[in-house]
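See below for the structure under consideration.
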Amino acid sequence: MASKETKQRGRPRSFDRETALEQAIRSFWEQGYEATSISDLTRTMGISAPSLYAAFGDKRALFDEAVAEYGRLYGGFLPRAVAEEPTARRGVERALREAAAEYTLPGRPRGCLVISAAQNTAPASAEVAASLREMRLSNIRDIQRAITADIASGELPATTDAAALAHYAGAVIQGMSQQARDGADRTTLEAIAELAMKAWPETETQTEREGAGETEGTGKAADDPEKEPEAKAGKTRGEARRTRPRTADRP
């Protein structure tokens, strides 16, 4: 009786499940959900189809687990940056900078799995596309909440369109992923990120500081008696250069 209770059920796994899952992530990351077949997965993971089904379930279940593990290992930098930085601007700026690095790391597929894996899906895979779309929209909602909080605190102008600005940030990140898949290097993506941040609204405090600096500089120039003669002299010299008659060009 005791021997029956202690008898091992089924065969022990002949493969490392964590390693196999990592290989599945790479397959879905490189080829997308639709283009990755069971035979592709078994070949990449180094296991048989029965072993795959026994360990992970069907292709969809494996994909869902692969996406969750991808987010834990590679794809969580955007919500983490937005959550950890004190302002939405700094969070997005950090996320774009980290995206430029993450999307182009040697030895890994280019771009973002969550952005590219559901491209060209068949109607039968509509649920897969919808789940990835919801992940992307969740990131945008995180950004929008941070922007809304900055508007409420006065960090951003009251006229800022929080939804449009959040979707703009999402569009830049998604575009950077596609650029990386098309071969753009880290330097190129960092330049894109830098240009993208130039469209970010200036903070109220930054605008006030810049305005105060200009007023202060103008006031000092006008009130300094030692600078005034120099300024007049400079102006006189400039006028003399503009009004001096031109001589004929020498041969």
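The values are calculated or read from the model by the stated rules, or taken from the named source; none is laboratory data. Quantities reported herein were computed from a predicted structural model and do not represent experimental measurements. Note: ideal-geometry Cβ built from the backbone for every residue, glycine included; neighbour counts use all protein chains shown.
Taking the stated definitions as given, is Arg97 closer than 30 Å to Lys59 by Cα and charged (D, E, K, R)?
On the way: closer than 30 Å to Lys59 by Cα: no; charged (D, E, K, R): yes.
The answer is no for Arg97.
Quick check on segment 23-42: of everything there that is assigned to a helix (DSSP H, G or I) and touching a residue at least 24 places away in the same chain (Cβ under 8 Å), which residue is farthest from Glu69 (Cα to Cα)? Talk me through it step by step, then tell me what you get.
Initial filter on segment 23-42 (assigned to a helix (DSSP H, G or I)): 23-31, 38-42.
Next, from what is left, pick out any that are touching a residue at least 24 places away in the same chain (Cβ under 8 Å): 24-26, 28-30.
Details: Ala24: 10, Ile25: 8, Arg26: 11, Phe28: 12, Trp29: 12, Glu30: 16 Å.
Selected residue: Glu30.
Answer yes or no as to whether Ala199 is among the small types (Gly, Ala, Ser), surrounded by 11 or more Cβ atoms within 10 Å (Cβ to Cβ) and modelled with pLDDT of 90 or more. Before the answer, list the steps.
On the way: among the small types (Gly, Ala, Ser): yes; surrounded by 11 or more Cβ atoms within 10 Å (Cβ to Cβ): no; modelled with pLDDT of 90 or more: yes.
The answer is no for Ala199.
Check whether at least one residue in segment 121-139 is in a loop (DSSP other than H, G, I, E, B), outside the structural domain of Glu69 (by TED's automatic domain parsing), over 14 Å from the mean Cα position of the chain (by Cα) and in contact (Cβ under 8 Å) with a residue 40 or more places away in the chain, and report yes or no.
Taking every residue of segment 121-139 in turn, at least one turns out to be in a loop (DSSP other than H, G, I, E, B), outside the structural domain of Glu69 (by TED's automatic domain parsing), over 14 Å from the mean Cα position of the chain (by Cα) and in contact (Cβ under 8 Å) with a residue 40 or more places away in the chain.
Would you confirm, using the coordinates I've provided, whether Gly175 is assigned by TED's automatic domain parsing to the domain that holds Leu195, over 13 Å from Trp200 (Cα atoms), loosely packed, with under 14 Cβ neighbours inside 10 Å and out of contact with any Cys (no Cβ under 7 Å at 6 or more places or on another chain)?
Working: assigned by TED's automatic domain parsing to the domain that holds Leu195: yes; over 13 Å from Trp200 (Cα atoms): yes; loosely packed, with under 14 Cβ neighbours inside 10 Å: no; out of contact with any Cys (no Cβ under 7 Å at 6 or more places or on another chain): yes.
Here the answer is no, as Gly175 does not meet what is asked.
Out of (1) of a type in the set (A, V, I, L, M); (2) within 17 Å of Leu96 (Cα to Cα); (3) surrounded by 15 or more Cβ atoms within 10 Å (Cβ to Cβ), the odd one out for Ile151 is which?
Ile151 satisfies all of (1) of a type in the set (A, V, I, L, M); (2) within 17 Å of Leu96 (Cα to Cα); (3) surrounded by 15 or more Cβ atoms within 10 Å (Cβ to Cβ) except (2).
Of the conditions (1) modelled with pLDDT of 95 or more; (2) buried (at least 18 other Cβ atoms within 10 Å of the Cβ), Ala49 fails just one. Which one is it?
Result: Ala49 fails condition (2) only.
Would segment 86-108 turn up any residue that is modelled with pLDDT under 95 and either hydrophobic (A, V, I, L, M, F, W, C) or touching a strand residue (DSSP E or B) at 6+ places or on another chain (Cβ under 6 Å) (or both)?
Looking through segment 86-108, none of the residues is modelled with pLDDT under 95 and either hydrophobic (A, V, I, L, M, F, W, C) or touching a strand residue (DSSP E or B) at 6+ places or on another chain (Cβ under 6 Å) (or both).
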